[in-house]
Amino acid sequence: MTNENTAVTKRAGYLCALSDLEATGAYGVEREGAAFGTIVVRFDAGARAYVNRCPHIGTPLELFAHNFLDETRQQLVCVTHGARFNVDDGVCTSGPCIADKLRALEIDVQGGEVFLAPAQLKE
C-alpha cells in the first residue's frame with residue numbers, strides 16, 4: 001500500500017527555515033500573488049523581513065539569488081544604486097534614498113521556520 005500524501009504541506013505564509021539564512025545571512029522569497037518578493041534576514045537570534053523593493057526607484061535589491069548583505073552582514077545593499085539599509089530597522093543610511101526605509105513585514109518564527117504573520121497574508 002502506498003501513501004499518496006508523502007509531501008509535507010507547509011503552513012500558509014511559510015517563507016523559509018532559519019537554517020536557509022546561514023549561507024548568506026539573508027534569503028529572498030517570491031510569494032504567489034505578491035507584486036514584490038520578500039527578504040528574510042538574520043537578526044540577533046531571530047529574523048526580520050522586508051519587501052524586496054528599493055524605495056528609490058522600486059527595483060529588487062539583489063541581482064543574484066539571496067545576495068543582499070554587505071561583507072559585515074549588518075546592511076542590506078541595493079545593487080541598482082548602492083543604497084544601504086540597516087538590517088534591524090530597514091532605514092537607508094547611504095545612497096539616493098537616505099532616511100527612507102524598506103517596508104517591514106511582520107513575521108512569526110516557530111520551530112526554526114519563518115512565516116508571514118496572519119495579518120500580512122491579506123496584503
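Taken over region 69-86, residues that are part of a strand (DSSP E or B) and either polar (S, T, N, Q) or farther than 13 Å from T24 by Cβ (or both) amount to 4. If V91 meets every condition in (1) over 21 Å from L63 (Cα atoms); (2) without any contact (Cβ under 8 Å) to a residue 12 or more places away in the chain apart from one, which number is that one? Result: V91 passes all but (1). Filtering region 46-68 to residues that are surrounded by fewer than 15 Cβ atoms within 10 Å (Cβ to Cβ), in contact with a strand residue (DSSP E or B) (Cβ under 9 Å, 6 or more places away or on another chain) and part of a loop (DSSP other than H, G, I, E, B) leaves A65, N67. If you check C92 against the conditions, is it farther than 18 Å from T24 by Cβ, at pLDDT 95 or above, buried (at least 17 other Cβ atoms within 10 Å of the Cβ) and hydrophobic (A, V, I, L, M, F, W, C)? In short, yes.
The values are calculated or read from the model by the stated rules, or taken from the named source; none is laboratory data. Please read these numbers as outputs of a predicted model, since none were measured by experiment. Neighbour counts are summed over all protein chains in view; Cβ atoms, including those assigned to glycine, are modelled from backbone coordinates with ideal geometry.
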